[in-house]
Structures are given as structure tokens and as C-alpha cells.
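Trainee: There's a structure below that I have some questions on.
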Amino acid sequence: MAFYIAVIVLTSSAFKSMFVPPTFSTYIIQAYEPDDILNLCQAIYIHRFRRQHVQEEYYYYLLIEIMRTPDLIKKICKSSIKKKEESQQI
């Protein structure tokens, strides 16, 4: 019985990962120009690698602050709506 339950759980998790996109990367995938946010993530990684924990913590909390503020994300990544409107007017 436990074998069948394990097979069902593993199969269902495999199907879920194939058909449901990961929600943690939705911000970055749908952003228009996410280069600045990706650079900030890379800076966090570099400071962690160099064991500069004070700078890592500062940039981490800066990233959290940015991700919690949708208006700030739009300012950093620029709006894709404006770009579409400009291309339609030309």
C-alpha cells in the first residue's frame, strides 16, 4: 500500500512541475528589462561567496524592499505597456 502511495505522490509532483510554472520566478520572467534586479541578485551572491555578510545583508534587504513594492519594480524594470504604445503610434 505504501509503495502505491509513494508512486502516486512522485508521479503527481512530476506532473505538477511540468505544467505549473514556478511562482518565484514570475517577477523576473514577466519583467520588461530585469537586468538591474538580476545584477542585484548577482551582487548578493558575490558578497555571500566572499563572506562579506554585512554587504550581503544590505543588498538582500534592498532586494526584498524592491520586490515588496510593485511601483518600484515598474520604475526599475520600465513598463512594457509604454513600449507597446510607442511602437503602435509609429
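Taken together, the values in this text are just the output of simple stated rules run on the coordinates, not laboratory data. As the structure is a prediction and not an experimental result, all values here were calculated from the model.
Trainee: What length, rounded to one decimal in nm, is gained on full extension from residue 9 through to residue 38, with 0.36 nm per residue of separation minus their alpha-carbon distance?
Mentor: 7.0 nm
Trainee: What is the gain in length, in nm to one decimal, between residue 54 and residue 69 on full extension, counting 0.36 nm per residue of separation less the C-alpha to C-alpha distance?
Mentor: Working it through step by step, the gained length comes to 3.1 nm.
Trainee: Next question, about the same structure. Between residue 30 and residue 61, 0.36 nm times their residue separation minus their Cα-Cα distance comes to what?
Mentor: Residue separation times 0.36 nm, minus the Cα-Cα distance, leaves 9.0 nm.
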